[in-house]
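> Quick one: structure below, then a few questions.
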């Protein structure tokens with residue numbers, strides 16, 4: 001499988017797409033945050049439980065394990081699926097799906113996405129616990145096995161990179177072939193996956209450090225970025241050319 005990277009993919013293209021849907025981008029981001037409250041609450045309880053458990057067993061890294069598992073759990077969630085489904089048509093020059101279409105996607109994919117979140121979180125937890133155990137053995141053998149477990153966690157991040165965007169873009173497709181296609185895309189263009197993950201990490205960091213970044217549409221920007229990268233690798237998806245704007249049009253869009 002060899003995938004051709006096609007179409008424009010610059011930062012200005014990404015920002016242009018978000019600019020064209022600026023009001024919806026902010027609104028979708030806020031809705032995503034509100035709908036994700038149950039997942040955030042569960043994640044907070046999980047982290048607190050890990051901190052208490054770590055304090056009881058003298059494991060200072062238990063809180064970090066809880067945080068990583070929580071990130072997997074919240075990333076693979078139905079609200080994230082809805083955000084991805086709503087923004088998928090934007091890269092082709094279309095508008096967001098209707099509420100009925102989004103609810104139909106949610107009903108058809110809810111169980112699959114939630115199962116992925118639980119499985120990814122549990123897998124990450126087991127791998128990280130194994131890493132701690134092997135690290136406690138000491139010596140080069142323990143360090144090698146511990147490092148191997150950590151690399152498996154990194155591999156899990158890469159393997160699941162395109163799963164939710166593909167499930168959102170292809171709501172009628174079977175789940176397992178869709179997951180397999182996502183994995184093949186990562187293996188076919190690993191450098192693209194690395195750049196995408198790093199850029200998503202930067203967006204997340206900006207959102208956390210700014211305090212209000214996630215209320216200003218950064219989550220939607222991340223969703224559009226994933227779709228833009230993915231669309232350029234999928235031959236069946238048309239990538240709309242970025243609109244040409246003057247500085248005056250950018251600063252005064254109402255004219």
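Here, each number is a calculation from the coordinates, and none is a lab measurement. A quick note: this is a predicted structure, and the numbers were derived from the prediction, not measured. In this analysis, Cβ positions are derived from the backbone assuming ideal geometry, glycine residues included, and neighbour counts consider all displayed protein chains.
> Over the chain, with a Gaussian network built from C-alpha contacts below 10 Å, which listed residue (121, 23, 93) shows the highest mean-square fluctuation?
Residue with maximal mean-square fluctuation among 121, 23, 93: 23.
> Can you give the FRET efficiency to the nearest 0.05 for residue 187 and residue 140, using r as the Cβ-Cβ distance and R₀ = 35 Å?
0.70
> If I fit a long axis through the Cα atoms of helix 78-87 and take the longest principal axis of the Cα atoms of the chain, what angle between them do I get, 0 to 90°, rounded to 10?
30 degrees
> Obtain the nm distance between the two label points defined at residue 174 and residue 198 by a simple spin-label model: each point lies 7 Å from its Cα along the Cα-to-C-beta direction.
Once both label points are built, they end up 3.8 nm from each other.
> Take peptides 72-82, 48-58 and line them up by average Cβ neighbours within 10 Å, highest first, as a rough protection proxy.
The most tightly packed comes first, giving 72-82, 48-58.
> Per DSSP H run of at least 4 residues, take -39500 (n - 2.57); add these up for the chain, divide by its residues and hand me the 222 nm value, nearest 500 deg cm²/dmol.
-24500 deg cm²/dmol
> Got a sec? How would 11, 105 order by Cβ neighbour count within 10 Å, fewest to most?
11, 105
> A further question on this structure: Under a crude label model (7 Å from the Cα following the beta-carbon direction), how far is residue 37 from residue 71 in nanometres?
Rounded to a tenth, the inter-label distance reads 2.6 nm.
> Relative to the longest principal Cα axis of the chain, at what angle does helix 22-35 sit, 0 to 90 degrees, rounded to 10?
Approximately 30 degrees, to the nearest ten.
> Sticking with this one: Hey, what did the chain get for relative contact order, percent, Cα under 8 Å, at least 6 apart?
Working: 280 pairs, mean separation 77.7, N = 255.
The normalised contact order for the chain reaches 30 percent.
> If I compute Rg and Dmax of the Cα atoms in Å from the structure I just sent, which labelled value in [x] 32.5, 139; [y] 19.6, 68; [z] 22.3, 75 lines up?
[y]
> Return one number: the angle in degrees, 0 to 90 and rounded to the nearest 10, between the long axis of the Cα atoms of helix 11-20 and the longest principal axis of the Cα atoms of the chain.
The two axes meet at around 60 degrees.
> Under a plain spin-label model, where a point goes 7 Å from the Cα along Cα-to-Cβ, how far apart in nm are residue 206 and residue 110?
3.4 nm
> Follow-up question, since we're still on this one. Which of 47, 17 comes first, and how do the rest follow, when ranked by fewest Cβ neighbours within 10 Å?
Numbers: 47 19, 17 24.
Ascending number of Cβ neighbours within 10 Å: 47, 17.
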